[in-house]
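This is the structure I want to talk about, given as structure tokens.
The values are calculated or read from the model by the stated rules, or taken from the named source; none is laboratory data. Worth saying up front: this structure is predicted, and the values here are computed from it rather than measured. Here the Cβ is made from the backbone with ideal geometry for all residues, glycine too, and neighbour counts use every protein chain on show. Only protein heavy atoms, including side chains, enter the accessible area calculation; ligands, DNA and RNA are left aside. Shrake-Rupley method; radii C 1.70, N 1.55, O 1.52, S 1.80 Å.
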Amino acid sequence: MHALVNPARDLTPAIDWLTRRVAFYTEQPVHNVDPDIPLAELGIESVSAVSLCGEIEDRWELELDPTVVFDYPTIAEMAGFIATEVEDRYQRAA
């Protein structure tokens, strides 16, 4: 079960970034990438999923298991996960 996403949290920046990266990996226009469709259905292959995971780690300074892209299979779910992880990191640091 995934953590509930705070509806007040703005996931737009993460969704936009992930959408652009998925479009790059799947070689399709950004406007064709629906954040609510599973990455596998969008055409993300396992090698690309691992690369995307690495980019997420670099961008948000997170340490992730590559399976995270399968645990949160859509861009929208992944954005919620990233926001939660970043928020948790800041709360632990406070």
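Leaving out ligands and nucleic acids, note down the accessible area per residue over segment 52-94 with a 1.4 angstrom probe, in whole Å².
Value for segment 52-94: 56 Å² per residue.
Can you give me the relative contact order of the chain as a percent, contacts being Cα pairs under 8 Å and 6 or more apart?
Reported relative contact order: 34 percent.
Right, next: For the chain, what is the charge dipole size about the Cα centre, in debye to the nearest 20, if Lys and Arg each add +1 at the Cβ and Asp and Glu each add -1 at the Cβ?
200 debye
Mind listing the phi-derived Karplus ³J(HN,Hα) values for segment 43-55, rounded to whole Hz, using 6.51, -1.76 and 1.60 with θ = phi - 60°, and x for any glycine or proline?
x, 6, 8, 4, 5, 5, 4, 5, 4, 4, 4, x, 5
Using the charge dipole of the chain (Lys, Arg: +1 at Cβ; Asp, Glu: -1 at Cβ; taken about the Cα centre), state which of 80, 28, 93 has its Cα farthest towards the positive end.
Value computed over the given set: 93.
On to the next question. Sorting check: for 73-79, 21-27, which peptide has the highest mean count of neighbouring beta carbons within 10 Å, and how do the rest follow?
Top to bottom by mean Cβ count within 10 Å: 73-79, 21-27.
Now, a different point. Given H placed 1.01 Å from N in the peptide plane, which residues other than close sequence neighbours of residue 74 have an amide H under 5 Å from its amide H?
Placed amide hydrogens put 39 under 5 Å from residue 74.
Which of rounded, prolate, oblate describes segment 50-92, given a ≥ b ≥ c as roots of the alpha-carbon gyration tensor eigenvalues and a/c under 1.5 marking rounded, otherwise prolate only if a/b is larger than b/c?
oblate
Helix-only estimate, please: 222 nm mean residue ellipticity of the chain, summing -39500 (n - 2.57) across DSSP H runs of length 4 or more and dividing by its residues, to the nearest 500.
-18500 deg cm²/dmol
With the full set of protein chains in place, find how many percent of the accessible area of the chain is carbon and sulfur; take the probe as 1.4 Å.
Carbon with sulfur: 53 percent of the solvent-accessible area.
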